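Novice: Below is a structure I'd like to ask you about.
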Amino acid sequence: MTQVSIVDIAAVAGVAPSTVSRALQDHPRISPARRAQIKALAEQMGYRPNQVARSLVTGRSCTLGVVVTDVTDPFVAEVMRGAELASRDAGYTLFFASSDRDPERELEAIRLLLAREVDGIIVISGRATARYAELRTPAQMGVDWPLVLINNQQAGPGIYSVRMDNRAGAITAVSYLKALGHRRIAFVAGPERGRSSRERLEGYRQGVAVNGLGPAAEMVVSGAGLLEDGAQALDALMALPDRPTAVLCYNDLAAIGLLGAAAKAGLCVPADLSVVGYDNIPLSAFSVPPLTTVDQPKGQMGRLAVEACLAALSGRPVEDVVLAGGLVIRESAAPPGEKQR
């Protein structure tokens, strides 16, 4: 079957091919009525844009590169979904690459995507932030491509960010646990190199301070935001002479891992220990018990990152975006029991 071209549409419509081309691109020189007529005819005839030809005209590939830390992370998947929907609406295609949480692989992934001539790059929860400047030197395939960081931030020309107010989210979670009556609140940390991990730890400590719990209430155990971190954290926390009555986790995966470990240890959540996560991934509503968590607008983050890329490519001003997240209250947190006080 022969592919329908702009010339074919022009012949049926009785106009010049240039008129059809402008109408399909919503050019203001073509009246709204004529644009609608030509678009309807193009759809009726089964016209599909030739992306290669379009790229030759515009000088763009109509593709964006997305680098993720871990494709198995539910948070990343939700952000990617928002980005994919937004790019599809704009007529763009996304190429994905994974860094497996390795800064060197992250930089290499960006270079490989640039070699495919993507128009811009989006990085979700990157680990190599301080080294992005080296990718934007004249030797690195030009400097005219925008870089949008999700849940991260870095100063520099052509670098933008869409991120969560991580400190405020952690403070909200600690304040909620304090309002329930908890005074010994622990924190399971995330990746050491992650900006969001650092900010949530800072928010946890600020929450402890503003709620009058004092430095002695701080109980921080290390982690990397994985399911197994929760199990390891529970062992460390239960070994303390003055056990916590509640714990805030860097993310939902660690919190869900902790819930599983608590069940195996014979602990009842929230009667013996209250648990709060961070991200509000879909699985958090189906854990046992359902997890109280700080919500991140994940789909919106992906959509805004794509919109920032496209705005920068069109020469429009782009500002960094900081989103607020509310607390989703479920069943994993409750006032401390008599034995815990």
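The values are calculated or read from the model by the stated rules, or taken from the named source; none is laboratory data. Bear in mind that the values here come from a model prediction, so they are computed numbers and not experimental data. All Cβ positions, even for glycine, are placed from backbone atoms using ideal geometry, and neighbour counts span all protein chains on display. Note: accessible area is taken over every heavy atom of the protein model, side chains too, but ligands, DNA and RNA are not part of it. Shrake-Rupley method; radii C 1.70, N 1.55, O 1.52, S 1.80 Å.
Novice: Could you check region 326-341 and list, in sequence order, the residues that are surrounded by fewer than 21 Cβ atoms within 10 Å (Cβ to Cβ) and touching a helix residue (DSSP H, G or I) at 6+ places or on another chain (Cβ under 9 Å)? Before the answer, list the steps.
Specialist: The initial filter retains those residues of region 326-341 that are surrounded by fewer than 21 Cβ atoms within 10 Å (Cβ to Cβ), namely 326-331, 334-335, 337-341.
Selection gives Gly326, Leu327, Val328, Ile329, Arg330, Ala334, Pro335.
Novice: Another question, then. Within the set of pairs 6 or more residues apart or between chains, which connect a residue that is under 16 Å from Ala36 (Cβ atoms) inside region 1-24 to a residue that is basic (Lys, Arg) with Cβ atoms less than 6 Å apart?
Specialist: Taking only residues 6 or more apart or on different chains, the pairs are Ala23/Arg35.
Novice: Report, by residue number, each residue of region 114-138 that is touching a helix residue (DSSP H, G or I) at 6+ places or on another chain (Cβ under 8 Å), at pLDDT below 75 and under 20 Å from Leu313 (Cα atoms).
Specialist: Correct list: Leu135 only.
Novice: Of all residues in region 277-315, which are more than 22 Å from Glu84 (Cβ to Cβ) and either of a type in the set (D, E, K, R) or in a loop (DSSP other than H, G, I, E, B) (or both)?
Specialist: Within region 277-315, Ser287, Val288, Pro289, Pro290, Leu291, Gly315 meet the criteria.
Novice: Do you know which residues across region 76-98 are open to solvent by less than 50 Å² (accessible area, probe 1.4 Å), at pLDDT 90 or above and touching a Ser or Thr at 6+ places or on another chain (Cβ under 8 Å)?
Specialist: Answer for region 76-98, where residues must be open to solvent by less than 50 Å² (accessible area, probe 1.4 Å), at pLDDT 90 or above and touching a Ser or Thr at 6+ places or on another chain (Cβ under 8 Å): Val76, Ser87, Leu94, Ser98.
Every residue, every condition in (1) outside any strand (DSSP E or B); (2) open to solvent by 60 Å² or more (accessible area, probe 1.4 Å); (3) touching a Cys at 6+ places or on another chain (Cβ under 8 Å), yes or no:
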position	(1), (2), (3)
Leu112	yes, yes, no
Glu117	yes, yes, no
Ile122	no, no, yes
Glu134	yes, yes, no
Ala155	yes, yes, no
Arg163	no, no, no
Tyr204	yes, no, no
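Novice: Evaluate the following for Thr245: is it more than 14 Å from Ala186 (Cα to Cα) and touching a Lys or Arg at 6+ places or on another chain (Cβ under 6 Å)? First the steps, then the outcome.
Specialist: Values: more than 14 Å from Ala186 (Cα to Cα): no; touching a Lys or Arg at 6+ places or on another chain (Cβ under 6 Å): yes.
The answer is no for Thr245.
Novice: Does Thr2 fit the bill of being surrounded by fewer than 15 Cβ atoms within 10 Å (Cβ to Cβ), over 36 Å from the mean Cα position of the chain (by Cα) and modelled with pLDDT under 85?
Specialist: Here the answer is yes, as Thr2 does meet what is asked.
Novice: From the list Leu237, Leu177, Leu258, which one is touching a Ser or Thr at 6+ places or on another chain (Cβ under 7 Å), assigned to a helix (DSSP H, G or I) and either of a type in the set (S, T, N, Q) or open to solvent by less than 10 Å² (accessible area, probe 1.4 Å) (or both)?
Specialist: It is Leu177.
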